[in-house]
Amino acid sequence: MAYRWGRLWRGALVFTGSGAALAVITVSNYNRRRIACSDKPSTLWDHNWDRRAPVPDAADSTDGEKPKKATASRHLILIRHGQYDMSHKQDDLRVLTELGHRQATITGERLNELLATSGKSFNIIVHSTMKRATQTSDDLVKELSTMPQIVSCDLLREGSPCRPEPPSSLWKPENHQFYQDGARIEAAFRKYFHRAAADQKEDTTDVIICHANVIRYFVCRALQLPPEAWLRLSLPHCSITRVTIRPNGRVSLKGLGDAGHLPANMVTYT
């Protein structure tokens, strides 16, 4: 069979006689990385990303015992707050709109359905201390058949995680905002995202109610994707994002920004 060669900018394609591409040999449009036809990953998974992987210490090596390993999974449900009044700058005045309250109520009903399906209760509900997240939590928990522990956390407040790539032409925080908020949001990630302890016997589900920037950064960090990609994602109000952390530290994203529980005319982004 005769082969024809097609040219790609700074790269090459191999074509069959019918014109179908067989392989991309090199492409330098993305940081000169080889992105196809390679049996080697461009980035290796860090198995000890949470610094909780079992590592034998001196005592273990002396008595011959192996370190205990986790056997349970941790499920995290991340919920963005409902629609809120953006006409004010002061946090206490940026309250949920009537639609935002309704979104939160329906999301609570959805969580109750998930509870009934799983047959298990939520371990804890943690919400940001900002007004709109607190109100969302208050509306949501009213719909739950069982009341879990509820706590608030300043680390989960909205902010600027890190400078996005590509940069936004409309949203340009000062450098000090990234420097200050980034450390706090990273601290929140390290607090809530980790594998189960070795002595945890059963799977747990934690609910975190916070903000779009925070959740998007969490997802990128958890999947070990470039953190600066967070602004490429989009989350509706009261959407549900689900992440599972396995005992071996592997992470899977079960859903991102799911708003299927809301009627189409109630799905909002701003």
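Worth a mention:
- Check on G11, modelled with pLDDT under 85 and either under 24 Å from L156 (Cα atoms) or touching a Ser or Thr at 6+ places or on another chain (Cβ under 8 Å) (or both): yes
- Test result for L231, within 27 Å of S169 (Cα to Cα), open to solvent by less than 20 Å² (accessible area, probe 1.4 Å) and at pLDDT 95 or above: no
- Region 129-144: number of residues that are in a helix (DSSP H, G or I), open to solvent by less than 60 Å² (accessible area, probe 1.4 Å) and either in contact with a Lys or Arg (Cβ under 7 Å, 6 or more places away or on another chain) or within 17 Å of T241 (Cβ to Cβ) (or both): 5
- Unmet requirement for F218, which otherwise passes all of (1) closer than 20 Å to W49 by Cα; (2) part of a loop (DSSP other than H, G, I, E, B); (3) not β-branched (V, I, T): (2)
- Taking the criterion of being assigned to a loop (DSSP other than H, G, I, E, B), open to solvent by 20 Å² or more (accessible area, probe 1.4 Å) and either basic (K, R) or modelled with pLDDT of 95 or more (or both), the residues of region 145-170 that qualify are R157, E158, C162, R163, E165, P166.
- Residue count, region 114-123 (criterion: assigned to a helix (DSSP H, G or I) and under 15 Å from R242 (Cα atoms)): 3
- Residue pairs meeting the criteria (Cβ under 7 Å; at least 6 apart or on separate chains; first without any contact (Cβ under 8 Å) to a residue 24 or more places away in the chain and over 20 Å from A133 (Cβ atoms), in region 220-246; second open to solvent by less than 50 Å² (accessible area, probe 1.4 Å) and in a helix (DSSP H, G or I)): C220/P227; C220/A229; C220/W230
- Candidates R242, R221 - the one that is in contact with a Gly (Cβ under 6 Å, 6 or more places away or on another chain) and open to solvent by 20 Å² or more (accessible area, probe 1.4 Å): R242
- Test result for I208, modelled with pLDDT of 95 or more, under 24 Å from P247 (Cα atoms) and in a helix (DSSP H, G or I): no
- Residue in region 245-270 that is modelled with the lowest pLDDT, counting only those that are open to solvent by 60 Å² or more (accessible area, probe 1.4 Å) and assigned to a loop (DSSP other than H, G, I, E, B): T270
- For region 178-199, the tally of residues that are part of a loop (DSSP other than H, G, I, E, B) and among the hydrophobic types (A, V, I, L, M, F, W, C) stands at 4.
- Among residues of region 171-182, those that are over 13 Å from V214 (Cβ atoms) and either at pLDDT 95 or above or open to solvent by less than 30 Å² (accessible area, probe 1.4 Å) (or both), counted: 3
- Applying the condition of being more than 20 Å from P236 (Cα to Cα) and of a type outside the set (A, V, I, L, M) to region 114-128 and asking which residue is surrounded by the fewest Cβ atoms within 10 Å (Cβ to Cβ) yields G119.
- Residues of region 82-105 satisfying the condition of being open to solvent by 60 Å² or more (accessible area, probe 1.4 Å) and part of a helix (DSSP H, G or I): D92, L93, E98, H101, R102
- Filtering region 200-230 to residues that are of a type in the set (A, V, I, L, M, F, W, C) and more than 11 Å from the chain's Cα centre (by Cα) leaves V207, I209, C210, A229.
The values are calculated or read from the model by the stated rules, or taken from the named source; none is laboratory data. These numbers come from a predicted model, not from an experiment. Virtual Cβ from ideal backbone geometry, glycine too; neighbours counted across all protein chains shown. Just so you know, the surface numbers come from the protein's heavy atoms only, side chains and all, with ligands and any DNA or RNA stripped out. Shrake-Rupley method; radii C 1.70, N 1.55, O 1.52, S 1.80 Å.
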